[in-house]
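Engineer: First the structure, then my questions, so here it is.
The values are calculated or read from the model by the stated rules, or taken from the named source; none is laboratory data. Keep in mind that what you see is a predicted model, and the values were worked out from it rather than measured. Glycine also receives a Cβ, built like all others from the backbone with ideal geometry; neighbour counts cover every protein chain displayed.
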């Protein structure tokens with residue numbers, strides 16, 4: 001039992017740490033803060049490139065805290081985004097994480113996709129990828 005009796009909060013914090021730690025290990029980075037920044041930036045770009053229905057289905061498989069970050073700042077009227085190129089997708093993520101000392105570029109975004117492959121159901125990943133433009137989908141490994 002939780003010290004505060006709020007097991008749902010304790011559980012989502014634990015799951016969120018698991019996601020961040022897995023990503024940090026996949027990246028071979030030392031900073032959990034930078035791994036979180038990359039995860040958030042990548043997830044929000046995915047969010048802004050998929051349909052609202054798919055966005056809701058994807059978010060349902062995320063820990064509560066990650067889901068909150070996923071929706072933070074979301075403006076449904078502006079999504080899916082009009083510029084759906086891989087260049088714009090990568091540039092938006094790079095703008096948010098380029099200060100990370102260990103940032104290497106697109107290969108680090110691929111690590112986020114691999115983490116999602118391990119954490120989200122195969123069927124949902126297939127649906128999300130099908131919603132993405134072909135050039136962005138090409139960045140996402142099977």
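Engineer: Among the residues in the range 23-38, are any out of contact with any helix residue (DSSP H, G or I) (no Cβ under 7 Å at 6 or more places or on another chain), surrounded by fewer than 18 Cβ atoms within 10 Å (Cβ to Cβ), modelled with pLDDT of 95 or more and within 18 Å of residue 113 (Cβ to Cβ)?
Structural biologist: Yes, some residue in the range 23-38 is out of contact with any helix residue (DSSP H, G or I) (no Cβ under 7 Å at 6 or more places or on another chain), surrounded by fewer than 18 Cβ atoms within 10 Å (Cβ to Cβ), modelled with pLDDT of 95 or more and within 18 Å of residue 113 (Cβ to Cβ).
Engineer: Please go through (1) free of Cβ contacts under 8 Å to residues at least 60 places away in the same chain; (2) under 18 Å from residue 139 (Cα atoms) for residue 42 and return the number of the only condition it doesn't satisfy.
Structural biologist: Evaluating residue 42 over (1) free of Cβ contacts under 8 Å to residues at least 60 places away in the same chain; (2) under 18 Å from residue 139 (Cα atoms) leaves (1) as the failure.
Engineer: Then there is this: What's the number of the condition residue 101 fails, among (1) surrounded by 12 or more Cβ atoms within 10 Å (Cβ to Cβ); (2) at pLDDT below 95?
Structural biologist: Here residue 101 meets the rest and fails (1).
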